[in-house]
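Please treat every number below as a calculation from the coordinates, not as lab data. The shown structure was predicted, so the numbers you read here are calculated from the model rather than taken from an experiment. No Cβ is skipped: glycine too gets one built from the backbone with ideal geometry, and neighbour counts run over all protein chains shown.
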Amino acid sequence: MSIAKSQKGFDWFLVVIVNFLWATQVPVIRFIGDSLGPVSVAFIPTVLSTILLIPFLWIVNKKQNRTFRWRWKDVKYFIFPGFIGIFMMQFAFTFGSQHTLAANAGIITLTIPVIVAIFSSFMLKEKLNVVRIISFVLAIGGVLLTSMSDVSGANFKEGEFTMGNLVFLFACFCCGYYNTYMKKLIDRGYTEFEILVYCSLAGSIFSLPLLIWVEPFHFDTFLQAGSKAIWGILELTIFVYAVSWLLFLYVLKRMDVTQAILGNYLMPFFIALLGIFLLNESITPLMIVGGAIILISTLLVTVYENKLLGLLKREKVKII
């Protein structure tokens, strides 16, 4: 029992780390947005991370006596998620971020766990229990406390932001579908390396026309963008598009996707913290309280869910 609880605690820790890594892309994109175009920001890290991960996939497959999945019976499972979850999501996220307010984008991001819950109920037959519902409510409350300044600064009435808002919402739907479908691929027996590499490879192939004709990539121009842009692209490549997704897929082996994705509500809190250290923004007591509430909500659903459900079941029996 202690080993199982220890594993759940470690998984919760990984969920926190994953969402911190995902949160880093916001300040990084802000840093390099003036030096590189949206296509480059969206897809150069995707292509580089794919190239970086292929040798590791070969090494892991060799150790596990697995072959590359090049046959159509396997490839067909990665084309659509690669198109939706890598190509469309990355481009929509980047384009939407550049055409709406940061406050709007932060609020729209709150739809991702709800979208995942809807997709997982249809695709994976996962069910929302009372602990998950309570955790969702707590997490949303914590996010609102963390993001009070964003909520007050949001603007959904101005027509100039309508397109950006809709595109960013579409990116959230793509993200929800992708996160859910990855759990389905894990259940089919694919490893986290296989899922990430094959989906990223499909997304990279779809992005090549944009990098060739829409926003042509030239290595000399990329180097001239400066060290800030180069380090930003490397951070997105290694930590956001590679390490974080491998850790997330590792956690999905033991968690329902609805449980794991609840950690997304940590992102606004981490984005605010990164803003303090990297962008000289200020912290408020409400942000600290909100962050603590979000952490508690994720603990409830990742570590203590079964225990709480057992307690509720026993109380229900006593009442009857």
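Highest-first packing order for the peptide set 85-96, 233-244 is 85-96, 233-244, based on the mean count of other beta carbon atoms within 10 Å. Placing a pseudo-label 7 Å from each Cα along the Cα-to-Cβ vector at L286 and W58 gives an inter-label distance of 5.4 nm.
For L312 and H218, the difference between the fully extended length at 0.36 nm per residue and the C-alpha to C-alpha distance is 27.8 nm. The Cα center of segment 18-32 and the Cα center of segment 43-76 differ in position by 25 Å. A Förster distance of 41 Å, applied to the separation of the beta-carbon atoms of L166 and R66, puts the FRET efficiency at 0.50.
Here, segment 189-244 has an Rg and a Dmax of 13.9, 44 Å when only alpha carbons are counted.
Residue pairs exceeding 22 angstrom between C-alpha atoms, taken from K127/K307; K8/K183; K183/K313; K184/K313; K125/K184; K8/K127: K183/K313; K184/K313.
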